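What follows is calculated from the coordinates using simple rules that are stated; it is not laboratory data. Values in this document were obtained by computation on a predicted structure and should not be read as measured data.
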Amino acid sequence: MEAWQAVAWVLLMTNVADWLKAVQSRDFSMTDIILLHPSTTPHPGGFKCFTCEDASDNYECNRWAPDVYCPKDARYCSALHVMDHHGDSVSVTKRCVALKDCLFPGCTDVPESGHQMCSSCCEGNICNVLVPRNASSSVFSSTSPLASRGFLPAPLSYFVIVIIVTGIFLAGHF
């Protein structure tokens with residue numbers, strides 16, 4: 001084999017290896033997400049969440065998520081990730097949810113199946129691109145204060161404020 005043929009062969013194999021690596025990649029870039037989910041809101045503050053039910057993994061969920069806006073009463077995106085004892089995905093469910101569905105993020109063991117289930121919520125357009133895998137990523141992330149959304153009912157908010165002010169007042173007199 002001549003030297004130029006050997007060089008050509010090495011270059012060809014390098015290109016094939018790079019091509020295979022690109023084909024096997026299962027990560028979405030933000031550019032991919034924007035192209036997959038263009039935005040023209042049907043109502044003020046409209047947003048989208050990745051939406052799927054019992055997908056085999058995060059890639060399959062995001063890949064086939066329908067391009068629809070969340071209803072007006074849903075302000076957050078959720079992700080529920082079930083994993084086997086090796087940490088491999090069993091199922092992924094993502095959807096638009098109301099605040100009441102985001103109050104208890106975290107991970108829990110499912111003794112009957114030996115699986116672990118982790119949930120998270122976030123606020124923002126297609127913010128649920130990733131799935132929670134442990135307690136550190138099973139969070140509720142909000143970009144706006146929950147009090148402005150009516151997190152505590154008004155009478156309870158006033159009661160909490162009165163208790164705090166009374167405690168401060170009493171602490172200053174003793």
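Worth a mention:
- For Asn134, no residue 5 or more places off, or on another chain, has a built amide H under 5 Å of its own.
- Converting phi to 3J(HN,Hα) with the Karplus coefficients 6.51, -1.76 and 1.60 and the offset θ = phi - 60°, region 127-138 yields 7, 8, 5, 9, 10, x, 10, 7, 4, 5, 9, 8 Hz in sequence order, with x at every glycine or proline.
- Backbone phi angles across region 90-99, fed through the Karplus curve with coefficients 6.51, -1.76 and 1.60 (θ = phi - 60°), yield HN-Hα couplings of 9, 7, 10, 10, 10, 6, 7, 9, 8, 4 Hz in residue order; Gly and Pro are listed as x.
- Overall dimensions of region 39-152, expressed as equivalent-ellipsoid semi-axes from the Cα gyration tensor (√(5λ), whole Å, largest first), are 25, 17, 10.
- Mean separation of Cα contacts under 8 Å (6+ apart) over length of region 27-143, as relative contact order %: 25
- Phi angles of region 65-76 translate, via the Karplus equation with coefficients 6.51, -1.76, 1.60 and θ = phi - 60°, into HN-Hα couplings of 5, x, 8, 10, 7, 6, x, 4, 7, 9, 10, 9 Hz per residue; Gly and Pro are given as x.
- Amide H within-cut-off set for His115, under 5 Å, with H built and near neighbours excluded: Val110
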